[in-house]
1. Which of Lys63/Lys99; Lys16/Lys85; Lys42/Lys87 have a Cα-Cα distance over 27 Å?
2. For the chain, what is the calculated [θ] at 222 nm in deg cm²/dmol (nearest 500), taking -39500 (n - 2.57) for each run of four or more DSSP H residues and dividing by its residue count?
3. Can you give the FRET efficiency for Gln6 and Lys99, using 1/(1 + (r/R0)^6), R0 = 25 Å, r = Cβ-Cβ distance, to the nearest 0.05?
4. How far is helix 4-13 tilted, in degrees, relative to the longest principal axis of the Cα atoms in the chain, given as a value from 0 to 90 rounded to the nearest 10?
5. Residue separation times 0.36 nm, minus the C-alpha to C-alpha distance between Leu50 and Lys72: what's the value?
6. Against the longest principal axis of the chain, how steep is helix 33-45, in degrees 0 to 90 to the nearest 10, with axes from Cα atoms?
7. Between Arg92 and Asn15, what is 0.36 nm times their sequence separation minus the Cα-Cα distance? Round to one decimal in nm.
8. Run through all the Cα pairs of the chain and give the fraction in each 10 Å bin from 0, expressed as whole percent.
Amino acid sequence: SRRVGQIFIENAILNKPININGTGEEKLDFTYIADLVQGVIKVIQNSDSLNQIFNLTFGEGRKVNDMAQILKSKFPDIQINYIPKDKLMPDRGTLSVKKAVEMIG
């Protein structure tokens with residue numbers, strides 16, 4: 001499935017506007033794929049992780065506006081539109097990685 005980062009980057013490359021639902025102050029937990037892979041490897045290599053559930057993510061939210069501004073610095077002509085957030089869209093945020101840190105490092 002396409003995520004915010006992919007959609008924003010594709011739109012910037014194609015010179016299409018970036019549409020932000022809400023104010024852009026909402027935070028998402030962006031995860032670098034190499035970090036996720038490292039987490040999966042640690043789970044596989046740790047016998048204590050058998051039948052456990054972990055959040056394998058960065059563990060710290062960043063504002064959607066932060067990502068938009070990074071793209072704006074690379075694509076200065078990109079248009080950023082703020083669209084009222086749909087009332088049915090749930091609030092999102094940062095997942096706790098405490099269990100993963102404690103059990104698998």
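Please treat every number below as a calculation from the coordinates, not as lab data. Note that the structure is predicted; figures quoted are calculated from it, not measured. No Cβ is skipped: glycine too gets one built from the backbone with ideal geometry, and neighbour counts run over all protein chains shown.
1. Lys42/Lys87
2. Details: 4 runs with 41 residues, N = 105.
-11500 deg cm²/dmol, from helical runs alone.
3. Using R0 = 25 Å, I get an efficiency of 0.35.
4. Orientation of helix 4-13: about 40 degrees from the principal axis.
5. Gain in length upon complete extension: 3.6 nm.
6. The answer is roughly 10 degrees.
7. 25.0 nm
8. Spelled out per bin, shortest first, that is 13, 37, 28, 17, 5, 0.
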